1. Only counting other Cβ atoms within 10 Å, I'd like H36, H229, H78 sorted with the fewest neighbours first.
2. So what's the stretch 173-290 giving for Cα Rg divided by 2.2 N^0.38 Å, two decimals?
3. So what is log10(I(q)/I(0)) for the stretch 119-170 at q = 0.23 1/Å, when the Debye sum runs over its Cα atoms only?
4. So for the chain, averaging the separation of alpha carbon pairs under 8 Å that are six or more residues apart and normalising by length, what relative contact order in percent results?
5. Test of understanding: ordering E190, E218 by Cβ neighbours within 10 Å, fewest first, what list do you get?
6. Can you give the FRET efficiency to the nearest 0.05 for L187 and N132, using r as the Cβ-Cβ distance and R₀ = 35 Å?
7. Size of the dipole of the stretch 173-290 about the Cα centre, Lys and Arg at +1 and Asp and Glu at -1 on the beta carbon, nothing else charged, in debye to 20?
8. Per residue of the stretch 118-130, what does 6.51 cos²θ - 1.76 cosθ + 1.60 with θ = phi - 60° give for ³J(HN,Hα)? Whole Hz please, x for Gly and Pro, Karplus curve as stated.
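Read the figures in this text as sums done on the coordinates, not as results from a lab. What you see is a predicted model, and the numbers here were worked out from it, not measured in a lab. No Cβ is skipped: glycine too gets one built from the backbone with ideal geometry, and neighbour counts run over all protein chains shown.
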Amino acid sequence: MNIAAIAFTERGRQWEKFLGFPVDRGIPVMEWTRAHFPDSDALLYIGACGIAVRAIAPLIRDKTTDPAVLVMDESGQHIISLLSGHIGGANDLALALAEKTGADPVITTATDLRGLPAIDSFAVRENCAIQNPEAIQAVSAATLNHLPVGVAITERTLKPPFPVTLWLRPRTLVLGAGCRRGTDPVLFEECVRQFLADCGVSLLSLRALATIDRKQDEEAFVLFCRRYHLPLLTADADRLRQLPGDFLPSAFVEAAVGVDNVCERAAVLFGGQLLTGKTVFKGITLALAGEAQL
């Protein structure tokens, strides 16, 4: 976990040796927050809670993307889970840092206080993407009131089974891809969306995009992965060629890149079972593999 920490006083900075990661000091807090908020998993402020709140307030956007934010007083008496307690992991981090420092963890989320499961923490723990986070509040309220809860955990795009349904998408699928050099990124994304719609699965269930190594800098692939926070996995032609299995061959592709099929072989290499075989679009080939049974 990438944790950024800042102390407002020299006394607060002395906690660095207990925390096990660097603690900044002497940087204007607003400037420091703007620099670290977008790319850190967690921010720890050692000092007054009010200063931390004012620093992060202009940057808070969404509970599914904001980093965990914690505050510890300079004496190390309390450590507060301030923001993104569940999805961002601030509650768990507060407990972990409390063990290191001896501070009392301060956690205010209702489900945790009542010893009830939090659906957003469950989603993170099970590596599921949350499709409609606006439903989290309704599910949490039902849990607190011991009412039936509508949660669907599936890669498939289905009709909502409950009046209010929270959709959790397990990240189990690998998209294998091949394309002509210089393929338009917008066209590539349109083809991917059409392909996944035809397969009946959510884009949020993708855990990676896979292709041949000579395509690792293909703009359409790079931009797609960046937009949807996916790793781009690659293998050379020899590794793809040696993969056992029944793949749809293409003499043209083999002559061009040294292996008879890129999309299916890459999908299977990194994803497992081939779920949807080679599908051809405008200069683009796609295949899907993974653990799901579609």
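1. Numbers: H36 20, H229 9, H78 15.
So the residues, fewest neighbours to most, are H229, H78, H36.
2. Details: Rg = 12.6 Å, N = 118, 2.2 N^0.38 = 13.5 Å.
It is 0.93.
3. So the normalised log intensities work out to -0.84.
4. Working: 561 pairs, mean separation 34.3, N = 294.
Averaging sequence separation for qualifying contacts and normalising by length gives 12 percent for the chain.
5. Numbers: E190 14, E218 22.
Fewest-to-most ranking of E190, E218: E190, E218.
6. Numbers: r = 28 Å, r/R0 = 0.79.
The computed FRET efficiency comes out at 0.80.
7. Working: 13 positive and 14 negative charges, 33 e Å.
The calculation lands at about 160 debye.
8. 9, 5, 6, 5, 4, 4, 5, 4, 9, 6, 10, 7, 9
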